[in-house]
1. Yes or no: segment 70-80 includes at least one residue that is touching a strand residue (DSSP E or B) at 6+ places or on another chain (Cβ under 9 Å), modelled with pLDDT of 95 or more and either over 24 Å from residue 367 (Cα atoms) or not assigned by TED's automatic domain parsing to the domain that holds residue 215 (or both).
2. Give the residue, chosen from 279, 289, 293, that is modelled with pLDDT of 95 or more, assigned to a helix (DSSP H, G or I) and over 23 Å from the mean Cα position of the chain (by Cα).
3. So, in segment 189-214, how many residues would count as being touching a residue at least 12 places away in the same chain (Cβ under 8 Å) and away from the ligand (no atom under 12 Å from the Cβ)?
4. Cβ-Cβ below 8 Å, separation at least six or inter-chain, first residue in segment 343-367 and on the phi > 0 side of the Ramachandran plot and in the same structural domain as residue 106 (by TED's automatic domain parsing), second at pLDDT 95 or above and within 16 Å of the ligand (Cβ to nearest atom): which pairs?
5. Looking only at segment 20-35, how many residues end up being touching a residue at least 12 places away in the same chain (Cβ under 8 Å) and farther than 12 Å from residue 261 by Cβ?
6. In the same structural domain as residue 49 (by TED's automatic domain parsing), within 13 Å of residue 120 (Cβ to Cβ) and more than 16 Å from the ligand (Cβ to nearest atom): is that true of residue 155 in this structure?
7. Could you tell me whether residue 373 is within 20 Å of the chain's Cα centre (by Cα), in contact (Cβ under 8 Å) with a residue 40 or more places away in the chain and not assigned by TED's automatic domain parsing to the domain that holds residue 135?
Ligand SMILES: *Cc1c(COP(=O)(O)O)cnc(C)c1O
């Protein structure tokens, strides 16, 4: 069976993890701090905080901004549930908007969705392909959008406008107009979950790039406290001689990254551009070359003169396929010993969100993308021979179901 996205765990990662295990320091410590510095250097942003997941990163940024009941947060309908769930956790209203042809949030839909209650927009770089950040950044800074914004907290007053919180769970290493994700907007959150491009088993990071008058190092310090029980000292600081006493200054959360996780991330990041992305790009190119020969294929957009994906998800769409036909094609592909997937079932289609009154018929492009999409295996050890097996399984399965 060809798997969908197994991790690439080699001796280098094992050695680095063993080094941590033998070091006497397992939780947040020197390796996490080093990983944060390396990430900051890689992305070019101002300050980076590592956490135990991207979900935690998204939620703590909403809470840092003071998002609460009565507020609205704009989220694409076509995303993983985490993007919307964190808004629910804060008691705010999720305002779903539809997507464009490239699977990313639709700018006109965002414009129409903004009200005097909008506090945050959470664009998602689907499959690793960056959203239109210049347009989004300009939009929240336009006079009429700014004048609608009502600041309820000190932080909101300081920003004076809607915050853009990028869900970049897929897109570390992607570029937009020559810059990497992490510097494209106010705050960018990466995921290092096991199936993501760059993994720490579980994990995530907040890349801070807030404009003046924010001091991103100070925000980093605030977030360290918020994500570790509101303690004014972390575990490592407390081990310094005589430094046992600490205070709790708020009822904080428990979201910190461990040094075991960071040791995996350090190895992953060091080879990310030279090895991981090169390999993933090669796989994307071979898929596109093969499937463009078939007139039933809709090839995903992943590179143009301004943007380049991080090659996370290869989302092939089958022209004319209904949801039922797509499901049959997937069953046929699995019969041929190849694992494929669907990213994503739009969030408004999930039972919980349906029970809250959301209806997929309000997001027709999200449904049109979902109904005929199949995401294909992309991983480091997928060699050209296995790739040919995947392509053959997909082509034959589409032909069997669609009769083309
Ligand atoms: C994976 C994913 C997340 C959540 O990442 P975790 O690190 O598992 O919390 C959020 N948003 C999107 C779009 C994702 O694919």
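1. Within segment 70-80 (the criterion being touching a strand residue (DSSP E or B) at 6+ places or on another chain (Cβ under 9 Å), modelled with pLDDT of 95 or more and either over 24 Å from residue 367 (Cα atoms) or not assigned by TED's automatic domain parsing to the domain that holds residue 215 (or both)), the answer is yes, since at least one residue qualifies.
2. The match here is 289.
3. 7
4. Taking only residues 6 or more apart or on different chains, not a single pair turns up.
5. As a first pass, look at segment 20-35 and keep what is touching a residue at least 12 places away in the same chain (Cβ under 8 Å): 20-21, 23, 25-32, 34-35.
This time we only want the ones that are farther than 12 Å from residue 261 by Cβ, so: 21, 23, 25, 30, 34.
The total comes to 5.
6. Considered against the rule, which asks whether it is in the same structural domain as residue 49 (by TED's automatic domain parsing), within 13 Å of residue 120 (Cβ to Cβ) and more than 16 Å from the ligand (Cβ to nearest atom), residue 155 comes out as yes.
7. Yes, satisfied.
Here is a yes/no grid of residues against (1) touching a helix residue (DSSP H, G or I) at 6+ places or on another chain (Cβ under 8 Å); (2) buried (at least 24 other Cβ atoms within 10 Å of the Cβ):
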residue	(1), (2)
51	yes, yes
60	yes, no
87	yes, yes
96	yes, yes
106	yes, no
112	no, no
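The values are calculated or read from the model by the stated rules, or taken from the named source; none is laboratory data. Note that the coordinates shown come from a computational prediction; the quantities given were computed from them, not determined experimentally. All Cβ positions, glycine included, derive from the backbone under ideal geometry; neighbour counts span all protein chains shown.
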